[in-house]
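Right, one structure below, let's go through it.
The values are calculated or read from the model by the stated rules, or taken from the named source; none is laboratory data. In this text the structure is predicted, and so the values were computed from the model without any measurement. FYI the Cβ positions are ideal-geometry reconstructions off the backbone, even for glycines, and counts take in every protein chain you see. Areas reflect the complete protein model, heavy atoms only, side chains present, ligands, DNA and RNA absent. Shrake-Rupley method; radii C 1.70, N 1.55, O 1.52, S 1.80 Å.
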Amino acid sequence: MLARLAHTVARHRRAIIVVWVVLTLFGGFAAGQVSKRWYQSFSIPGKSAYEANQRTLKAFGSGVRPPNVVVFHTSGDATKSNAIKQAMQRAADTMPGARTSSYFSTGSLIYVSRDRHTAFEEVYPPGLAKFDTKSGADRMRAAAAAGLPAGTTVQVTGHDPLEEASTHGGGGGPSVLLEAVIGGLGALVILLFVFGTLPAVLMPIAVAIASILNTFTLVWALTYITNVSIIVQFLIALVGLGVAIDYALLMIFRFRDELREGEDVETALVETMTHAGRSVIVSGSTVAVGLLSLIVIPLPFIRSIGIGGMLIPTVSVITAITLLPALLATLGTRINSVRVLPKRLVDRGHPEDGAWGRWARFVLRRPWPVAIAGLAIVGVLVGLGTQLNPNESQLKNFPGNGTAIAGRQMLADAGISPGVMKPFDVLVENGGNAQAVATKLSKIQGMAGAAAPPSWRSGSDSIVEAFPAIDGAAPGIQGIINRANDTLTGTQATLAGVPAVDRDFVHAVYGNFPYVLAFVLVLTLILLARAFRSIVLPIKAALLNLVSLAAAFGIVVFIFQEGHGSSLWNITATQAITAWIPLMIFAFLYGLSMDYEVFMLSRMREAYDETGSTNRAIELGLARTGKLVTSAALILMFAFLVLSSSPGFEIKEFAIGLAAGIIFDATVIRALLVPALMRLLGDANWWMPHWTRRALFIPSREPSPEPAIDKA
């Protein structure tokens with residue numbers, strides 16, 4: 001089928017190129033239109049705390065966003081300061097529709113430090129929480145500070161102000177478009193050293209541009225069917241850049257090899273499509289499966305990332321097997337013209353005689369030492385990966401500067417619980433007794449106090465505010481939530497607030513993670529078993545991919561959770577990795593790293609079919625794909641390093657996790673463990689019982705290679 005497609009593309013190459021140019025230009029227009037339609041909300045349908053927050057929002061106009069905390073410090077008794085009372089009113093006035101609480105509105109001392117020199121006000125912003133929603137902390141502080149007497153200071157802190165401080169403290173970052181441009185320029189430099197000729201260098205960039213912009217067209221259409229998370233735009237730009245260039249590299253490498261062997265252009269194109277094109281389809285399928293697995297998670301915004309993200313490899317594959325062959329057919333042998341690097345610096349063919357061939361032969365001679373070295377490195381990182389704490393970082397670990405950081409310090413210096421920055425909101429419905437609920441909550445172990453502000457009433461509903469004695473992301477918070485829920489059982493009250501919703505999010509994600517893992521493993525094992533005509537190779541590939549992922553988690557833990565080197569990104573040790581990051585790293589890294597496995601094993605399978613020698617297959621496969629895999633990994637790594645320059649420590653964790661995971665996989669896993677383990681397994685690599693052939697619809701009439709005598 002791919003051979004027929006190659007002939008068809010060669011005959012109609014000009015028409016195909018024109019169609020792609022038109023579609024790509026329209027994709028540029030679509031990219032601008034979809035920017036107005038991104039889904040910017042996190043929802044957790046069916047979860048008690050989330051649903052209570054939504055009912056609070058409906059009844060009171062606020063409740064889904066954490067409060068700004070306006071902190072005052074004075075040398076006298078803050079509870080007797082009329083100036084502070086008036087300043088609190090001015091702060092609240094900067095946010096019309098906000099719901100507020102303080103000592104002055106409740107008479108409760110839980111809003112004041114023990115020495116009464118520090119007091120704070122909770123200001124709950126109205127409306128929905130969106131990615132681009134601003135906290136208004138600076139404006140609020142300026143209003144509160146105006147007219148304060150000498151000796152009284154004010155700062156505004158809280159979850160959202162602290163997140164903004166961590167986002168903007170590093171001076172901002174490039175836009176999605178600029179990140180893609182920078183990533184493309186980095187890819188261009190790497191491609192110069194890979195190919196050395198201008199047409200071969202520019203072609204992958206052209207394929208990437210077409211893939212990215214046409215994916216935006218499909219996502220724009222998708223937004224009229226379902227919500228699509230704003231996160232998808234980053235993934236289209238950078239993952240699209242990476243995988244599209246990966247597939248173009250594989251195709252161009254093979255095309256040039258065929259030309260070098262003396263084939264005419266159309267024959268070279270047919271061979272390229274038959275072998276490299278098949279690998280591209282298998283690779284794209286595994287990436288798509290990794291992303292599609294996100295639909296198992298019962299969270300709409302994550303499901304939208306899975307569906308939208310799946311379009312990235314799908315479009316990249318279609319581009320690689322239609323537009324790219326049309327360009328190759330048009331250029332023909334001119335792909336090796338316009339040399340931009342000296343010939344001695346670029347590939348001259350017969351890679352088995354070069355560095356990768358020598359390395360392959362070394363691994364074949366010394367499989368045990370190579371395997372042990374690889375496993376030792378992996379073991380250390382996997383051990384670190386088991387320490388992963390998927391949770392929101394405690395607010396004390398948010399980096400940055402400004403009023404939010406100063407306010408956080410004021411609370412800590414006054415001995416006020418960090419829980420006031422992420423309080424519980426308890427929705428009391430159907431005329432329930434809010435004051436009785438507040439009294440019960442105050443007695444719970446781990447609760448600093450609770451109050452029922454008189455103004456927090458709407459019809460038969462009211463709200464109780466409760467402050468945990470620890471941060472809403474601290475290890476002991478689950479116990480406090482459990483005790484609060486037990487206390488509220490049988491009442492008209494439901495526990496809500498950011499800490500409870502965060503716990504619901506973690507449970508929704510990781511409670512369903514085994515299903516995600518099963519979904520990915522089953523589908524990829526089926527795909528790879530059909531592709532490699534082996535049961536052993538797919539199982540080995542899946543296990544090594546999981547090991548590679550655990551090692552990538554270990555790198556993230558070492559750098560960010562434990563803080564070894566995080567200062568390079570102006571971040572201190574976070575003690576936790578934001579809950580959605582490990583899930584996203586899994587979904588993307590599993591598929592992307594499987595690309596390299598498919599590239600290598602496809603070439604090894606082809607060599608084994610030709611020679612019947614496992615050792616020769618390992619040598620030729622590693623030699624002929626080593627440069628391809630490392631070049632592709634460097635391009636992807638650079639794309640994600642560019643993403644790490646984005647503002648916000650969470651994006652930095654995500655980007656560095658992917659960048660480190662990609663390069664680790666391409667080196668330690670693919671260059672050490674894969675060839676060493678295959679050498680140790682020998683002919684068992686190709687084992688496939690007849691019943692699995694029938695089950696997977698693999699023709700049994702395929703001729704088996706004559707066994708060769710392998711030399712150790």
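Kirkwood radius for the range 23-73, taken over all pairs of different Cα atoms as the inverse mean of 1/r, rounds to 14.6 Å.
The angle between the Cα long axis of helix 477-488 and the main principal axis of the chain comes to about 50°, on a 0 to 90 degree scale. Its residues counted as N, the range 477-533 yields a C-alpha radius of gyration over 2.2 N^0.38 Å of 1.91.
Taken per residue, the accessible surface of the range 620-680 reaches 18 Å², heavy atoms only and a 1.4 Å probe.
Average accessible surface for the range 1-140: 49 Å² per residue, computed with a 1.4 Å probe over protein heavy atoms with every protein chain in place.
Counting only Cα atoms, the range 48-141 measures 41, 28, 17 Å along its principal axes, largest extent leading. Here the extension length gained between residue 75 and residue 539 equals 160.2 nm, from 0.36 nm per residue of separation less the Cα-Cα distance. Computed from Cα atoms, the angle from the helix 176-195 axis to the main principal axis of the chain rounds to 30 degrees.
Helix 580-611 against the longest principal axis of the chain: what's the angle in degrees, Cα atoms only, rounded to the nearest 10? Taking the Cα atoms of the chain, the angle to 580-611 is about 10 degrees.
Equivalent-ellipsoid semi-axes for the range 591-660 (Cα gyration tensor, √(5λ), whole Å, largest first): 35, 10, 7. With a/c under 1.5 counting as rounded, go ahead and sort the range 456-591 into rounded, prolate or oblate using the C-alpha gyration tensor (a ≥ b ≥ c being the square roots of the eigenvalues; past the cut-off, prolate if a/b is larger than b/c, else oblate). In terms of gyration-tensor shape, oblate. Net length available on complete extension from residue 339 to residue 267 is 23.5 nm, with 0.36 nm assigned per residue and the Cα-Cα distance removed. Accessible area per residue for the range 442-539 is 39 Å², calculated with a 1.4 Å probe on protein heavy atoms, without ligands, DNA or RNA.
Taking a sphere under 14 Å around the Cβ of residue 316 and counting the other residues whose Cβ falls inside, with K and R at +1 and D and E at -1, yields a net charge of -2. If R₀ is 60 angstrom, what is the calculated FRET efficiency for the pair residue 436 and residue 221, using the beta carbon separation as r and rounding to 0.05? Computed FRET efficiency for residue 436 and residue 221: 0.65. Spacing of the modelled spin labels on residue 695 and residue 134, each 7 Å from Cα toward Cβ, amounts to 6.0 nm. This model, with +1 at the C-beta of Lys and Arg and -1 at the C-beta of Asp and Glu, gives the chain a dipole about its Cα centre of some 660 debye. Between the C-alpha center of the range 452-514 and that of the range 7-74 there is a gap of 28 Å. In nm, to one decimal, how far is the modelled label at residue 396 from the one at residue 564, with both set 7 Å along Cα→Cβ? Distance between the two pseudo-spin positions: 2.3 nm.
Of the chymotrypsin sites (Phe, Trp or Tyr not before Pro) found in the range 87-165, those that fall in a DSSP loop while having at most 14 other beta-carbon atoms within 10 Å are 131.
In plain terms, the bigger the Kirkwood radius, the slower the diffusion; for the range 521-625, with that radius from Cα pairs, at 25 °C and 0.890 mPa s, Stokes-Einstein puts D at 156 µm²/s. When the alpha carbon coordinates of the chain are projected onto the principal axes, the ranges are 92, 47, 43 Å, largest first.
Measuring nothing but protein heavy atoms, the accessible surface of the chain at 1.4 Å probe radius is 61 percent carbon and sulfur. Protection proxy ranking, highest mean first, for peptides 312-323, 666-677, 479-490: 312-323, 666-677, 479-490, where packing is the per-residue count of other beta-carbon atoms within 10 Å, averaged.
Taking the centroid of alpha carbons for each part, the range 212-234 and the range 631-686 are 27 Å apart. Just round it to a whole percent: the fraction of Cα-Cα distances in the range 288-401 exceeding 19 Å. Tail of P(r) above 19 Å: 78 percent of Cα pairs.
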